[in-house]
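J.: First, the structure itself, so that you have it in front of you.
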Amino acid sequence: MAFLDIRRLRKSYGLAVALDGVDLSVEEGEFITLLGPSGSGKTTLLMSIAGFIKPDGGGIVLSGTDVTDLDPEDRNFGLVFQGYALFPHLTVRDNVAFPLKVRKWQKRAIAERVDQMLALVGLDQLAARKPRELSGGQQQRVALARALAYSPRLLLLDEPLSALDRSLRGTMQRELKRLHRETGVTFIFVTHDQEEAYAMSDRIAVFQNGRIVQIGAPREIYRHPASRFVAGFIGGNNLIRARFSSETGTLSLLGREIPAPPHFDPASHSRDGEVSAWIRSEDIAIGGGEGHHQTFEVTVVDRAFHGAGDRITVKAAEGEELALFLADGSADAVAIGAPLQCRVRPDQIGFLFPD
Ligand SMILES: Nc1ncnc2c1ncn2[C@@H]1O[C@H](COP(=O)(O)OP(=O)(O)O)[C@@H](O)[C@H]1O
Ligand SMILES: [Mg+2]
């Protein structure tokens, strides 16, 4: 049995279905991320786990105990939000001590625990400050120390880093991973940012319209998106419409007729000859290459420098726009408006089950 088992969870607001039968199993000590666009139900799931939202149906089981009807304070889960929700009139020390006082810990035990937590998040020198005297990152550290102070079994984090600027976000991502490793607490983390989800998670659950449409390790989701929605949402992919001819066994895509590769399965990947395919932007190269590549002709629309490489936008035969990510400097020879030959290996073309 899993540490946390969410079964068939449902929640509607009038006609709006926020959770449409969510199943999710989380292992103890796991770092799992709920990833999806705004309005897809991530916060509703997190708040249902915390006990602040009462689901219409389904259940939540923690270590074999049904907690679906327990009050939030009886679940004892830690919570961290985007807005830090610190007490403005209390010092850093008293903010972190607050949940321990509520739980009627002894004075000395509180002092020891607060010292330990402030050291863990690197704020021991700032214990006497008020929240307004701290930067955004420091305030978020106080919120983390407060949420972890009473050793919750589960830490729920709802877009906790989205108010921070880019470089601070990277620092806090590493900080969160370190806290996760050092405390061993199970983390359920919400974000709408794919790169953040990739960087942090053991597993990612992708949300679409109140459902989890795919769950797996970051690498697995990136390499094997299960649907057109996931392939489009997780970034880096070019979605392409293709046609399959069962008479010739060929696919027509990007203005070419190519033999269907072995991993193409007509029964599951085509419907009335229509095919959804995708190619990752880093898998398209420029120039002709060798025999096992498929080439196609495009026109260059845009070229943008991205530090580690160049992102080129091109228009293919039927007007489809494709993105190429060239990390090898080959973009230097590319001119906007000029024709260009591109290549891809047929085994790197992905095929999707029609939505
Ligand atoms: N209190 C509420 N009243 C009415 N509709 C709500 C309420 N909370 C959420 N919703 C709706 O439920 C859906 C899921 O919302 P939410 O869980 O906040 O999504 P996310 O966190 O992924 O952005 C959305 O369509 C949202 O408008
Ligand atoms: Mg939300």
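The values are calculated or read from the model by the stated rules, or taken from the named source; none is laboratory data. All figures in this text were calculated on a predicted structure; none of them were measured in a lab. When we count neighbours, we look across all protein chains shown, and the Cβ atoms used for this are built from the backbone with ideal geometry, even at glycine. The protein model used for the area step is the full one, side chains on, heavy atoms only, and it has no ligands, DNA or RNA in it. Shrake-Rupley method; radii C 1.70, N 1.55, O 1.52, S 1.80 Å.
J.: Kindly establish whether Ile60 is at negative phi, hydrophobic (A, V, I, L, M, F, W, C), within 24 Å of the chain's Cα centre (by Cα) and part of a loop (DSSP other than H, G, I, E, B). Give the steps one after another, and end with the answer.
T.: On the way: at negative phi: yes; hydrophobic (A, V, I, L, M, F, W, C): yes; within 24 Å of the chain's Cα centre (by Cα): yes; part of a loop (DSSP other than H, G, I, E, B): no.
Considered against the rule, which asks whether it is at negative phi, hydrophobic (A, V, I, L, M, F, W, C), within 24 Å of the chain's Cα centre (by Cα) and part of a loop (DSSP other than H, G, I, E, B), Ile60 comes out as no.
J.: While we're looking at this one, here's another question. Any idea how many residues of segment 333-355 are outside any loop (DSSP other than H, G, I, E, B), within 33 Å of the chain's Cα centre (by Cα) and not polar (S, T, N, Q)? Can you show your working first?
T.: So in segment 333-355, the residues outside any loop (DSSP other than H, G, I, E, B) come out as 333, 339-344, 346-348, 350-351.
With within 33 Å of the chain's Cα centre (by Cα) added as a condition, the list becomes 342-344, 346-348, 350-351.
Keeping just the survivors that are not polar (S, T, N, Q) gives 342-344, 346-347, 350-351.
Summing the residues that are outside any loop (DSSP other than H, G, I, E, B), within 33 Å of the chain's Cα centre (by Cα) and not polar (S, T, N, Q) in segment 333-355 gives 7.
J.: Right, next: Among Phe31, Phe52, which is the only one that is within 16 Å of ligand 2 (Cβ to nearest atom) and either within 23 Å of Arg203 (Cα to Cα) or without any contact (Cβ under 8 Å) to a residue 24 or more places away in the chain (or both)?
T.: Phe52
J.: Could you check Asp283 against (1) over 28 Å from Glu220 (Cα atoms); (2) among the acidic types (Asp, Glu); (3) open to solvent by less than 60 Å² (accessible area, probe 1.4 Å) and say which number it fails?
T.: Here Asp283 meets the rest and fails (1).
J.: Looking at this structure, is Lys54 assigned to a loop (DSSP other than H, G, I, E, B), away from ligand 1 (no atom under 16 Å from the Cβ) and basic (Lys, Arg)? Talk me through it step by step, then tell me what you get.
T.: On the way: assigned to a loop (DSSP other than H, G, I, E, B): yes; away from ligand 1 (no atom under 16 Å from the Cβ): no; basic (Lys, Arg): yes.
No, not satisfied.
J.: May I pose another question? Kindly provide the set of residues from segment 167-182 that are under 17 Å from the mean Cα position of the chain (by Cα), free of Cβ contacts under 8 Å to residues at least 40 places away in the same chain and open to solvent by 30 Å² or more (accessible area, probe 1.4 Å), ordered by number.
T.: Arg169, Gln173, Arg174
J.: Same structure, new question: Looking at segment 107-125, is at least one residue in contact (Cβ under 8 Å) with a residue 60 or more places away in the chain, polar (S, T, N, Q) and either touching a strand residue (DSSP E or B) at 6+ places or on another chain (Cβ under 8 Å) or open to solvent by 20 Å² or more (accessible area, probe 1.4 Å) (or both)?
T.: Within segment 107-125, none of the residues are in contact (Cβ under 8 Å) with a residue 60 or more places away in the chain, polar (S, T, N, Q) and either touching a strand residue (DSSP E or B) at 6+ places or on another chain (Cβ under 8 Å) or open to solvent by 20 Å² or more (accessible area, probe 1.4 Å) (or both).
J.: Which condition number in (1) surrounded by 17 or more Cβ atoms within 10 Å (Cβ to Cβ); (2) near ligand 1 (Cβ under 8 Å from one of its atoms); (3) among the hydrophobic types (A, V, I, L, M, F, W, C) is the one that Ala16 fails?
T.: Result: Ala16 fails condition (1) only.
J.: Answer yes if at least one residue in segment 221-233 is out of contact with any strand residue (DSSP E or B) (no Cβ under 6 Å at 6 or more places or on another chain), closer than 16 Å to Gln348 by Cα, surrounded by 15 or more Cβ atoms within 10 Å (Cβ to Cβ) and not small (Gly, Ala, Ser), and no otherwise.
T.: Taking every residue of segment 221-233 in turn, at least one turns out to be out of contact with any strand residue (DSSP E or B) (no Cβ under 6 Å at 6 or more places or on another chain), closer than 16 Å to Gln348 by Cα, surrounded by 15 or more Cβ atoms within 10 Å (Cβ to Cβ) and not small (Gly, Ala, Ser).
J.: Follow-up question, since we're still on this one. Checking Lys42 against (1) under 21 Å from Glu159 (Cβ atoms); (2) of a type in the set (Lys, Arg); (3) more than 13 Å from ligand 2 (Cβ to nearest atom), which test does it fail?
T.: (3)
J.: Return the total of residues in segment 183-220 being of a type in the set (Gly, Ala, Ser), in contact (Cβ under 8 Å) with a residue 24 or more places away in the chain and touching a strand residue (DSSP E or B) at 6+ places or on another chain (Cβ under 8 Å).
T.: Adding up the residues that qualify gives 4.
J.: Follow-up. If we scan segment 316-330, do we find a residue that is part of a strand (DSSP E or B) and surrounded by fewer than 17 Cβ atoms within 10 Å (Cβ to Cβ)?
T.: Within segment 316-330 (the criterion being part of a strand (DSSP E or B) and surrounded by fewer than 17 Cβ atoms within 10 Å (Cβ to Cβ)), the answer is yes, since at least one residue qualifies.
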